[in-house]
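Colleague: Sending over a structure as structure tokens; questions will come in a sec.
Read-outs throughout are calculated quantities, based only on the coordinates presented, and are distinct from any laboratory measurement. The model shown is predicted, which means the values in this text are computed figures rather than measured ones. All Cβ positions, even for glycine, are placed from backbone atoms using ideal geometry, and neighbour counts span all protein chains on display.
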Amino acid sequence: MPAKLIVGTQWGDEGKAKVIDYLAKETEIVVRYQGGANAGHTVKVGEDKYIFRLIPSGILYPRTICVLGGGMVIDPDAMFAEIEELEAKGIHVAGRLRIADNAHLLMPYHKEIDVLTEEASGAHKIGTTKRGIGACYSDKVNRQGIRISMLYNESFYTEILPRLIEQKNNFLTKVYNAKPVVFETIKEKLLTLREKIRDMVINVPYYLNMELASGKQILLEGAQGTMLDLDFGTYPYVTSSNPTTGGALAGSGISFRYLEDVIGICKAYSTRVGEGPYPTEIFGEEGEALRKAGNEFGSVTGRPRRCGWFDVEVVRHAARINGLSALALTKIDVLDNLETIKVATGYELNGKRIDYFPSCSVNDVKVIYEEFPGWQEPTSHITKLKNLPKNTRKYIDALAKYCGVPIQWISVGPGRESTIALK
Ligand code: IMP
């Protein structure tokens, strides 16, 4: 069965793009299935660094077809900026990008509403990426969104769009005292857009299931991570989509029967951007040192990421929900200089041991740690498991045992070559 799925097991930024890039070379089609330009998937090829926001990183392989799935919210300005940037670097996107006709369009007013909502939330803000994600998905769920297929229906411009804009303007002006948007400007923008993307828009479930039936290999690329999942993450401090396996099926339209492997990506420690509970967060100088060693700054927003120890309960939660068949452990080299490494191996809540990630009261859990001796030698140059220091191997074995999922890849640096395959 030819579909593989890559999901983040923590709070995003696990290094998914690197593993996707590693697997994409043997894949014909790569599909993003949720989220929007809030993602920042970084791939390093030699001295070149590419940051992907909307377009699957598989585009770096000249024969790969890349698909923006129906579960996505697509900001056309961000998409065309990304296409231009790639074309300028010699990566030809034309003819290799497909867009789902059931994906939703993210409009400038969604970004504005995201910013205004965050500002109005004061101490309760989410710490979003300000890319309009929540506002766009709210419209989708509220049946006030703009599906790409609607652009090709003439009555949309006379019957639906005027009502949508009127509702949006009521909201903008009455709730936020902001400027209204102009119907004609939006209509013109959409009419121009529909011609620019006409050749790329397809029925994605039809296309993907046909290709799968004919034996093609497909890679599904998740953005963000399980702990940012709207249903299974640390709600309300989450994104507005489902990065998990259920979201991959709903956001691509492929039948679950085609899903062969679900590969969970986790950092050898953990990070989180934005607000919200984070049981293993490291504060002060120790946290700062890890942030510096791992260069933990958001690739989209530049914000410093919060850093913490590896949390087994988090990855077990991800394994359960996603049905993980394997793990890829990234950024092991960031721990090279540490004398001791802590791992959260369990939680206590109200004085009782629990063996699940709680849906609420996360701030009240007492974390149980186990300490591992560091290896204090560089690992970035190593290409074989047997050459890793003994303590590194012990650390990796312990994580696999605690998480209950085999580790199939280890990444020891940002480059394509710095990946150790374990089988
Ligand atoms: P939004 O997705 O912009 O609405 O942001 C909601 C939460 O998800 C915030 O805490 C963001 O920092 C976080 N977030 C969104 N996208 C990413 C990502 O790609 N990596 C890490 N965190 C993300």
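Colleague: Relative contact order for the stretch 190-315: what percent, with Cα pairs under 8 Å and sequence separation of 6 or more?
Modeller: Dividing the mean separation by the residue count of the stretch 190-315 yields 19 percent.
Colleague: To the nearest 10 degrees, how steep is helix 284-293 against the longest Cα principal axis of the chain, on a 0 to 90 scale?
Modeller: Rounded to the nearest ten degrees, it is 80.
Colleague: Can you run phi through the Karplus equation (6.51, -1.76, 1.60; θ = phi - 60°) for the stretch 86-98 and list ³J(HN,Hα) in whole Hz, with x for Gly and Pro?
Modeller: Couplings: 5, 4, 5, 8, x, 8, 8, 8, 3, x, 10, 10, 10 Hz.
Colleague: Points 7 angstrom from Cα along the Cβ direction at ALA421 and GLU370: gap in nanometres?
Modeller: Taking the simple label geometry, ALA421 and GLU370 are separated by 3.0 nm.
Colleague: Select from the stretch 286-394 those trypsin sites (Lys or Arg not before Pro) which occupy a DSSP coil region and have at most 14 other Cβ atoms within 10 Å, ordered by residue number.
Modeller: Filter output for the stretch 286-394: LYS384.
Colleague: Over 19 Å between C-alpha atoms is what I'm after, so list which of LYS44/LYS216; LYS384/LYS423; LYS16/LYS331; LYS44/LYS390 land there.
Modeller: LYS44/LYS216; LYS44/LYS390
Colleague: As an exercise, find the ratio Rg/Rh for the chain from alpha-carbon atoms, using the Kirkwood inverse-distance average for Rh.
Modeller: 0.98
Colleague: Taking the chain as the reference, fit the longest principal axis to its C-alpha atoms, fit the long axis of helix 312-322 to the helix C-alpha atoms, and give the angle between the two in degrees, 0 to 90, nearest 10.
Modeller: Taking Cα atoms only, the helix is inclined about 40 degrees.
Colleague: Let me ask something else. Can you pull out the GluC sites (Glu not before Pro) in the stretch 1-60 that DSSP calls coil and that have at most 12 other Cβ atoms within 10 Å?
Modeller: GLU26, GLU47
Colleague: Within the chain, what is the longest stretch that has no chymotrypsin sites (Phe, Trp or Tyr not before Pro) placed in a DSSP loop and near at most 11 other beta-carbon atoms within 10 Å?
Modeller: Formally, the longest exposed-site-free interval is 1-282.
Colleague: Around SER359, with a cut-off of 14 angstrom between Cβ atoms, what is the net charge of the other residues, counting Lys and Arg +1 and Asp and Glu -1?
Modeller: -3
Colleague: Something else now. Relative contact order for the chain: what percent, with Cα pairs under 8 Å and sequence separation of 6 or more?
Modeller: Relative contact order for the chain comes out at 21 percent.
Colleague: List the lysines whose Cα lies under 18 Å from the Cα of LYS140, skipping any in the same chain that are fewer than 8 positions away.
Modeller: Once the sequence-local lysines are set aside, what remains near LYS140 is LYS111, LYS130, LYS168.
Colleague: Output the antiparallel fraction of DSSP beta bridges having both residues in the chain, as a percent to the nearest 5.
Modeller: 40 percent
Colleague: Mind checking the stretch 75-162 for trypsin sites (Lys or Arg not before Pro) that DSSP puts in a loop (not H, G, I, E or B) and that have at most 10 other Cβ atoms within 10 Å?
Modeller: LYS89, ARG143
Colleague: Also, I was wondering about something else. Starting from 0.36 nm per residue, how many nanometres of slack lie between GLN167 and ALA123 once their C-alpha separation is accounted for?
Modeller: That pair, GLN167 and ALA123, stretches by 13.0 nm at full extension.
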